[in-house]
Every structure is written in C-alpha cells, then in structure tokens.
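Below is one structure, written out as structure tokens, with a few remarks after it.
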Amino acid sequence: MLDQGAEANTAKSRDLALKRYAKWLVNEGELSSDPLLGLKPPKGDQKVVQAVTEDQLRRMIIACQGKSLTDRRDEAIIRLMAETGIRTNEVLDLQVPDVNLTDGLVTILRGKGGKGRVSPFSVQTASAIDRYLRARRAHRLSDTGALWLGGGGKGLGYHGLRKALKLRANAAGVENFHLHMLRHTAAIRWLSKNGSESGLMSVAGWKNRTMIDRYIGAAAASLAADEARRLNLGDI
C-alpha cells in the first residue's frame, strides 16, 4: 500500500483490521493457525512538519495592524492559534463566554473525540482579543453567541477564516500556508522553549505521545537551524 502512495496511518489501520480478522478466523475454527501472527506493522516515511517561523509569525501579526474588525479579529485568532495550538474547528466553535480575559483561559467545550479542555493564553493574546471584542460591539451580529464574526455583517466560517489568514500569510511572505500550520507552530514553539511534553499534551488536547514525538524532532531541527545560523560555519 505504501508503495502505491497510501498514507502510513491508512496502511496501519488496514494492517490492524486484517490481523483482527485473521484472529477471528482462528477462533471460529476457519483457520488452524494465524498466518499474520508476528507480522510487523508497516512503517511509513516521517513527514516534515510544516510550521511558521517566529519571524514569519511576527510578520503575519504586523499584517493585521489596522483598526478594522477583521484586522483585530485576525490578529487575535493568529495569536490564539499559534499560542494554544487550538484546532481550526475548535476556534470557530468558540462562544463569547468561552474566553476568560481576566485569567487568560480559553475553554474548548468539545474538542476532538468529544473531549473538552481549558488552555491558557498570554497577556498579549488577551489584549488582542480584548481589542477585537471592543470592535465587535458595532457588528450587526454582536448579540449572537459566536465569538468570531465576519466582515460585512456576516458570521465567520471555515472558508472565511482560511481566506482571511491566507491573505495575512501572503502579506508576510509565508508560502503554502494552511490553517493547521498554526497548530504545528504552537507545538514547536512550546517544545523549543523547553515546555514539558505533558503540558503540551494537555494544552493541545492530545491523549497519546504519537504526535508529540513528531514535534520533538521538528523542534530539535528548528533549534539546530537557529544554532547553525548563529555559528555561521560558512565564514571561512
């Protein structure tokens, strides 16, 4: 399957399903022995984790330096996603009461797998959200519960958010940007600043270490790149 272009997770799922089926056939007496017993699961290539660099992130925020509702909204969302690793669907599902600016906490009532969590955010992100909320009061839909609202008196959905942040990324010179890159970015930034693995799992809403191991490698590569630039070994 991998040779034919299948994703590693797909191949692993098929492998597990076949092994369960083979075991069932043995238990039912259809097979005298399990032909798949001891067969190792497939190993796929480790994909490079795409993330936004610190400099690119700063430029994306600078690209939002206006006073319009969308300027303030986009900065607040970029900061929140790049700091907490909140998923795109989770950020779009946020309601106004889910954000506690005083304590710097965002409550995700229903995350992946139906599990909720509370993630902390910084004073800088709280200030950005506060600026957005003040601009939000003049919106036609300000009385609705949804935290994020769109321009032109409309709400904000997935396609609207993707288009908005893609524009900010283009202005910042970030190529091939997609929304999930901000979740990647949050994880790498956390680990690069010596944040604990257990803390990242809690904040990002992961229940196992599978994703953590990917990000540890990405964070190490990012730190190595910074160190290489500092050492400037090409200066001969």
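The values are calculated or read from the model by the stated rules, or taken from the named source; none is laboratory data. As the structure is a prediction and not an experimental result, all values here were calculated from the model. Ideal geometry is used to build each Cβ from the backbone, glycine not excepted, and the neighbour counts take in all protein chains shown.
Working only within the stretch 175-203, note down all residues that are within 11 Å of A82 (Cα to Cα) and of a type in the set (A, V, I, L, M).
Listed by number, the residues that qualify are L179, M181, L182, A186, A187, I188.
With the condition kept exactly as written, say whether any residue in the stretch 173-185 is in the same structural domain as E83 (by the TED database), over 16 Å from D74 (Cα atoms) and among the β-branched types (V, I, T).
The first filter runs over the stretch 173-185 and keeps only residues in the same structural domain as E83 (by the TED database), leaving 173-185.
In the following step, the residues that additionally are over 16 Å from D74 (Cα atoms) were identified as 173, 175-176, 184-185.
Narrowing the set further to residues that are among the β-branched types (V, I, T) leaves 185.
The answer is yes, given that some residue of the stretch 173-185 is in the same structural domain as E83 (by the TED database), over 16 Å from D74 (Cα atoms) and among the β-branched types (V, I, T).
Given the conditions (1) loosely packed, with under 13 Cβ neighbours inside 10 Å; (2) assigned to a helix (DSSP H, G or I); (3) in contact (Cβ under 8 Å) with a residue 12 or more places away in the chain, report the number of the one that N176 does not fulfil.
Among (1) loosely packed, with under 13 Cβ neighbours inside 10 Å; (2) assigned to a helix (DSSP H, G or I); (3) in contact (Cβ under 8 Å) with a residue 12 or more places away in the chain, the lone unmet condition for N176 is (2).
Suppose the filter is exposed (fewer than 13 other Cβ atoms within 10 Å of the Cβ), at pLDDT 75 or above, of a type in the set (D, E) and closer than 24 Å to R162 by Cα; does D55 pass it?
For D55, the condition - exposed (fewer than 13 other Cβ atoms within 10 Å of the Cβ), at pLDDT 75 or above, of a type in the set (D, E) and closer than 24 Å to R162 by Cα - is met.
Within the stretch 110-133, can you find the residues that are among the basic types (K, R) and either in a strand (DSSP E or B) or in contact (Cβ under 8 Å) with a residue 60 or more places away in the chain (or both)?
Selection gives K112, K115, R117.
Considering only residues that are among the charged types (D, E, K, R) and either in contact (Cβ under 8 Å) with a residue 24 or more places away in the chain or not in a loop (DSSP other than H, G, I, E, B) (or both), which ones fall in the stretch 140-166? So that I can check it myself, show each step before the final result.
So in the stretch 140-166, the residues among the charged types (D, E, K, R) come out as 140, 143, 154, 162-163, 166.
R162, K163, K166, listed by residue number.
Give me a count of the residues in the stretch 114-151 that are over 22 Å from the mean Cα position of the chain (by Cα) and more than 27 Å from N176 (Cα to Cα). I'd like the intermediate steps shown before the answer.
From the stretch 114-151, those over 22 Å from the mean Cα position of the chain (by Cα) are 130-131, 133-145, 151; that's our starting set.
From the residues that got through so far, the ones that are more than 27 Å from N176 (Cα to Cα) too are 130-131, 133-145.
Residues that pass the stated criteria total 15.
Criterion first (touching a Gly at 6+ places or on another chain (Cβ under 6 Å) and closer than 20 Å to A204 by Cβ) does R183 satisfy it?
yes
What pairs can you find where one residue is in the stretch 48-75 and in contact (Cβ under 8 Å) with a residue 12 or more places away in the chain, the other is in a helix (DSSP H, G or I) and aromatic (F, W, Y), and their Cβ atoms are less than 8 Å apart, with a gap of 6+ or different chains?
Within 8 Å, the pairs are V49/Y215; L69/Y132; R72/Y132; R73/Y132; E75/Y132.
G150 passes all but one of (1) of a type outside the set (A, V, I, L, M); (2) touching a Gly at 6+ places or on another chain (Cβ under 7 Å); (3) at pLDDT 95 or above; (4) under 22 Å from I61 (Cα atoms); which number fails?
If we test G150 against (1) of a type outside the set (A, V, I, L, M); (2) touching a Gly at 6+ places or on another chain (Cβ under 7 Å); (3) at pLDDT 95 or above; (4) under 22 Å from I61 (Cα atoms), just (3) comes out false.
For the condition assigned by the TED database to the domain that holds K207, under 21 Å from V174 (Cα atoms) and among the acidic types (D, E), what is the one hit in D93, D74, D98?
That would be D74, the only listed residue that is assigned by the TED database to the domain that holds K207, under 21 Å from V174 (Cα atoms) and among the acidic types (D, E).
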